[in-house]
1. Quick one: 3J(HN,Hα) in Hz for the range 44-49, Karplus 6.51/-1.76/1.60 with θ = phi - 60°, rounded, Gly and Pro as x.
2. Expressed as a whole percentage, what fraction of the accessible surface of the range 41-89 belongs to carbon and sulfur atoms when a 1.4 Å probe is rolled over the protein heavy atoms?
3. Only loop residues by DSSP count here, and only those with at most 14 other Cβ atoms within 10 Å; note down the trypsin sites (Lys or Arg not before Pro) in the range 44-91 that meet that.
4. Over all directions, the average projected area of the alpha-carbon convex hull for the range 24-92 comes to how many nm²?
5. Hey, if we sort L82, L38 by accessible area with the 1.4 Å probe, largest down, what's the order?
6. Please give the peptides 70-76, 59-65 ranked by average Cβ packing (other Cβ atoms within 10 Å per residue), highest first, as a rough proxy for protection.
7. How would M34, M88 rank on accessible area, largest to smallest, probe 1.4 Å?
Amino acid sequence: MSTTQQDQTTEAEVDTTLSYERVRDNILRWPLSMRALLMHELLNMIVKEVGTPRPRGNTLTEALGLLANGQPPPTDEEVERLLDERRMEKYG
């Protein structure tokens with residue numbers, strides 16, 4: 001079941017013997033350490049269901065690595081010449 005489908009679970013599908021409010025009210029009576037433990041376990045369950053996101057890399061370093069070719073960058077004149085050649089190919 002996808003996350004979207006899980007989010008669309010109707011109230012009728014939830015076990016009515018344990019309403020959200022009753023569970024919440026009971027948990028609020030627990031010591032803080034037990035509430036923190038429950039929260040930790042719930043988050044772990046959610047991560048297992050949803051999956052962990054791909055760790056973000058350093059995109060600037062990756063982009064610079066893609067651009068690196070071991071050659072010096074073109075001069076302004078070379079860039080202008082390349083643009084002119086491209087325009088001639090494109091527009092004739």
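The values are calculated or read from the model by the stated rules, or taken from the named source; none is laboratory data. None of these values were measured; they are calculated from a predicted model. Because the Cβ atoms are built from the backbone with ideal geometry, glycine has one as well, and the counts that use them run over all protein chains shown. For accessibility, only protein heavy atoms count, side chains too; no ligands or nucleic acids. Shrake-Rupley method; radii C 1.70, N 1.55, O 1.52, S 1.80 Å.
1. For the range 44-49, the Karplus curve yields 4, 4, 5, 4, 5, 6 Hz.
2. 60 percent
3. Passing both the DSSP loop test and the Cβ count: R56.
4. 11.3 nm²
5. The residues order as L82, L38, largest area first.
6. 59-65, 70-76
7. M88, M34
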